[in-house]
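The values are calculated or read from the model by the stated rules, or taken from the named source; none is laboratory data. Please read these numbers as outputs of a predicted model, since none were measured by experiment. So basically every Cβ, Gly included, is an ideal-geometry build from the backbone, and we count neighbours across all protein chains shown.
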Amino acid sequence: MATPPHDASPAPPNPNPVSDDPPPPPPVTETKPEPEPPLPTTSIDPTPSGDEESGDDSSSSVSSASSTSPTAAAAAAAAGGGGGGGGERAAPHPAAKDLLHISFNQDYGCFAAGTKSGFRIYNCDPFREIFRRDLGAAGDNGVGGGGGGIGVVEMLFRCNILALVGGGDAPHYPPNKVMIWDDHQSRCIGELSFRSPVRGVRLRRDRIIVVLENKIFVYNFADLKLVHQIETAPNPKGLCAVSQQPGSIVLVCPGAQKGQVRVEHYGARKTKFINAHTSRVACFALSQDGRLIATASTKGTLVRIYNAAEGNLLQEVRRGADRAEIYSLAFSNNLQYLAVSSDKGTIHVFNLKINVGLTTNDKPLPAPDPDVPHISPSLSFIKGVLPKYFHSEWSVAQFRLHEGEQYIVAFGHEKNTVAVVGMDGSFYRCQFDPVNGGEMLQLECYNFLKPSSDQPQ
């Protein structure tokens, strides 16, 4: 498939721990940001409008028919019953093979699913299906066609505007296009076209971020004008995160080098590079206010938390000793906890020992680590040779699911709760004890791929 110009790919403790990432190299280098057009005035109108915008020759944006401004929120979640608190873990549903994509919205109150026949939107607490759209081969106003596959669904909080990308064996839209869908009109009202497949999309009320294999494009939402583009290392997972606090835009993406993340501070007009790991970065998360970054490498044993403004390492926690693929990381709203999911099938919740009252030069709060074994003075001479593993910070709470399945995790709106969505069609809501820790309590369990008539109303 053709690629766009300037977008070519650059060339309790385990008794048998494996070697892990060594301490990271000096973490931060600072550069002046590359020249870019002046950033437009922030807009909170999520409805795109305007003419064709050519911007860069590797992308184009076109808005179709004009439309009225959307309502600010989708239908509120109706009161619904719980499903199976504390019971057996759900088995994968046969329809899970049709599932192509899952993602939470920006405040973790909803999640979206892309399937081979369209997309669906769900409320997390209480769980219920809000709506589903089955997209036929005929398409909407002639835009779609060929099938109903949706490989990316990105919500904009709870409003009627979504970003869609075709996916699967029979995509409804070309995989190189981002379609702006207005659910009030049940049709696409704009599109962004590229010369290579779209790997991911992130939305703010004032920006659209499109992730390709080796490049990221940042657009103004109000008129779809290109305001910035970033070269990255190969990024097949479409890794990218953006802050959601109004007026302050912080964007995190892979850097150009292995193990590096790039942080764009658009308000301060500065760029930070953090050498987070010696292995490739496999996953990262940005707090909603843009202050903290959590990163994991392809080894999947350690997670590191950095100050986004200065790039200094604040804390390091250990998921386990065996290698694992990290699927998702999530900060709690109060920045007291971090949740991690991986292919090992266990959801971990970690305590963050960070003074969030400071905005710069944050330091880990001094606190004894209960997982560091006591070493008597007579044995202190061996302290320096004990594996780093024995001095690690471990998770305070765990929730065990099916190993090998892909799950994403987020913190719920109710205190000390976690929501988990799986590519096997499962949804869980569970609660952890912040004092005693240990195994989480399952509050709800649903199979969200059941027919809509079987879902809670």
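Pairs are defined by a Cβ separation below 8 Å, a sequence spacing of at least 6 or placement on different chains, a first member in segment 209-226 that is at positive phi, and a second member that is buried (at least 23 other Cβ atoms within 10 Å of the Cβ) and assigned to a loop (DSSP other than H, G, I, E, B); the pairs so defined are 224/48. Could you check how many residues of segment 425-442 are assigned to a strand (DSSP E or B) and over 21 Å from residue 112 (Cα atoms)? The total comes to 5. Selection of segment 349-359 for residues being farther than 12 Å from residue 294 by Cβ and either at pLDDT 95 or above or crowded, with 18+ Cβ neighbours inside 10 Å (or both) yields 349, 351. Per the conditions (1) modelled with pLDDT of 95 or more; (2) surrounded by fewer than 23 Cβ atoms within 10 Å (Cβ to Cβ); (3) farther than 19 Å from residue 284 by Cβ, the sole criterion not satisfied by residue 160 is (1). For segment 340-356, indicate whether the set of residues that are in a loop (DSSP other than H, G, I, E, B) and over 20 Å from residue 418 (Cα atoms) is non-empty. There is at least one residue in segment 340-356 that is in a loop (DSSP other than H, G, I, E, B) and over 20 Å from residue 418 (Cα atoms). Would segment 360-377 turn up any residue that is modelled with pLDDT of 95 or more and outside any loop (DSSP other than H, G, I, E, B)? Checked segment 360-377: no residue is modelled with pLDDT of 95 or more and outside any loop (DSSP other than H, G, I, E, B). The listed residues are 329, 302, 292, 338, and the only one of them that is modelled with pLDDT under 95 and among the hydrophobic types (A, V, I, L, M, F, W, C) turns out to be 302. Scanning segment 398-424 for residues that are part of a loop (DSSP other than H, G, I, E, B) and over 18 Å from the mean Cα position of the chain (by Cα) yields 401, 402, 403, 404, 414, 415, 416, 424. Out of all the residues in segment 261-282, which are buried (at least 22 other Cβ atoms within 10 Å of the Cβ) and under 15 Å from residue 296 (Cβ atoms)? Within segment 261-282, 261, 274, 276, 277, 281 meet the criteria. The set of residues in segment 402-443 being within 14 Å of residue 337 (Cα to Cα) and of a type in the set (Ser, Thr, Tyr) consists of 417 alone.
When the criteria are applied in full, residue 168 meets the requirement of being under 16 Å from residue 153 (Cβ atoms) and either in contact with an Asp or Glu (Cβ under 6 Å, 6 or more places away or on another chain) or of a type in the set (Gly, Ala, Ser) (or both).
Please count how many residues of segment 174-201 are touching an Asp or Glu at 6+ places or on another chain (Cβ under 8 Å) and closer than 19 Å to residue 117 by Cβ. The qualifying residues number 5. Restricting 418, 435, 409 to those that are under 20 Å from residue 352 (Cβ atoms) and either touching a Cys at 6+ places or on another chain (Cβ under 8 Å) or small (Gly, Ala, Ser) (or both) reduces the list to 418.
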